[in-house]
């Protein structure tokens with residue numbers, strides 16, 4: 001019997017992958033399955049996975065032909081999972097030797113749907129002490145029990161604990177319910193935030209423990225602090241898709257008003273992060289092109305909001321680190337004019353479509369009237385034929401008709417005989 005399914009999305013991590021997989025197959029708890037989803041890797045990651053699968057039958061490998069993102073990879077893993085509980089592991093991180101055993105025992109004893117354990121943060125990217133201390137604080141579990149709506153609120157509204165997927169073990173039933181509500185968007189940032197928001201929405205219970213079971217390599221990939229390029233900004237701004245997915249989910253559940261303040265807090269955090277990446281971490285020479293990327297993901301209104309948030313947070317009046325607000329406002333006005341032009345074209349196109357639909361509707365109505373007229377005439381003819389048949393049957397069954405047949409029978413026979421002789 002499988003107690004735990006460990007799901008590992010994999011994309012171009014050949015440098016770290018063997019250490020990650022080895023940490024799972026070496027677990028003291030053996031009643032586990034390992035689902036590795038090769039998300040269209042172009043390096044040797046797929047080959048490494050197949051080699052491990054050949055050595056350990058607990059490993060199942062799924063190969064995507066193209067990169068679909070960690071959401072799609074995790075979703076298919078959840079759909080395939082046979083374990084009673086599910087754990088998620090990033091392919092550049094690794095477990096302690098007793099992670100699965102400890103997590104399983106703790107969640108069984110606590111009888112909760114989510115168990116949150118501690119994380120050892122490894123400063124893989126040599127980030128600053130401040131950045132390192134911040135991420136250590138972020139990973140700290142909330143050592144308490146939560147029930148019902150508190151599971152979501154204490155994470156996203158009160159920020160008592162983090163929304164990372166990898167430092168928790170979940171009821172498989174909870175994961176299946178949550179992931180069935182999740183669309184397969186491909187975003188590089190904030191996907192954990194979006195996924196855990198939906199999981200915590202459905203969750204009925206949570207417990208945190210101090211025991212550190214997860215080893216996290218900090219400052220690798222898109223989360224790496226410091227300067228970024230246009231490609232990095234584009235990846236970072238995909239957090240907008242995760243944000244809007246949360247909004248759409250709340251509308252579908254008909255509870256947006258209830259969680260509106262929580263959603264606004266999430267949106268503001270992501271907007272501020274993307275604004276900071278665009279304006280402060282991108283080289284000045286690429287800022288204009290970066291603005292178009294920022295605008296593409298978030299839209300004009302949200303970009304304006306991010307500017308207001310930045311001015312509010314940093315209390316700048318005229319200059320924002322050497323850049324005049326008027327320049328940004330000019331960019332925003334240009335973007336709004338372009339958007340207005342696009343909306344006007346869209347409006348005209350819709351009007352043409354409406355006009356065409358009205359003509360088609362009119363032609364359809366005329367055709368339906370002709371068909372109705374034809375059907376009425378056909379109905380009248382049918383009724384006439386039925387009346388004639390009814391009258392014929394009535395006459396055929398009458399006494400006078402039968403008497404006439406009897407009277408004319410002998411003459412008809414004589415005529416027939418005469419014709420035969422002739």
Next on the checklist: residue 367 - would you say it is at pLDDT below 80 and under 31 Å from the mean Cα position of the chain (by Cα)?
Outcome noted: no
Next on the checklist: Filter the range 245-295 down to the residues that are within 22 Å of the chain's Cα centre (by Cα) and outside any helix (DSSP H, G or I) and list them by number.
Outcome noted: 253, 254, 255
Next on the checklist: It is to be established whether one or more residues within the range 27-36 are farther than 23 Å from residue 169 by Cβ, assigned by TED's automatic domain parsing to the domain that holds residue 170 and either part of a helix (DSSP H, G or I) or in contact with a helix residue (DSSP H, G or I) (Cβ under 8 Å, 6 or more places away or on another chain) (or both).
Outcome noted: no
Checklist outcome for this item: Scanning the range 235-244 for residues that are touching a residue at least 60 places away in the same chain (Cβ under 8 Å) and either surrounded by fewer than 17 Cβ atoms within 10 Å (Cβ to Cβ) or not in a loop (DSSP other than H, G, I, E, B) (or both) gives 240
Checklist entry - Of the residues 218, 156, which single one is closer than 25 Å to residue 237 by Cβ, out of contact with any strand residue (DSSP E or B) (no Cβ under 9 Å at 6 or more places or on another chain), buried (at least 21 other Cβ atoms within 10 Å of the Cβ) and in the same structural domain as residue 17 (by TED's automatic domain parsing)? => result 156
Checklist entry - When you go through (1) closer than 21 Å to residue 301 by Cα; (2) without any contact (Cβ under 8 Å) to a residue 40 or more places away in the chain; (3) assigned by TED's automatic domain parsing to the domain that holds residue 94 one by one for residue 190, which number turns out not to apply? => result (2)
Item to check | Sole residue being closer than 30 Å to residue 40 by Cβ, surrounded by 15 or more Cβ atoms within 10 Å (Cβ to Cβ) and in contact with a helix residue (DSSP H, G or I) (Cβ under 7 Å, 6 or more places away or on another chain), chosen from 68, 75 | outcome: 75
Next on the checklist: Please pick out the residue among 111, 162 that is within 24 Å of residue 7 (Cα to Cα) and free of Cβ contacts under 8 Å to residues at least 60 places away in the same chain.
Outcome noted: 162
Next on the checklist: Out of 61, 112, I need the residue that is farther than 20 Å from residue 208 by Cα, modelled with pLDDT of 95 or more and over 22 Å from the mean Cα position of the chain (by Cα). Which one?
Outcome noted: 61
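The values are calculated or read from the model by the stated rules, or taken from the named source; none is laboratory data. Computed from a predicted model, the values in this text were never measured in an experiment. Here the Cβ is made from the backbone with ideal geometry for all residues, glycine too, and neighbour counts use every protein chain on show.
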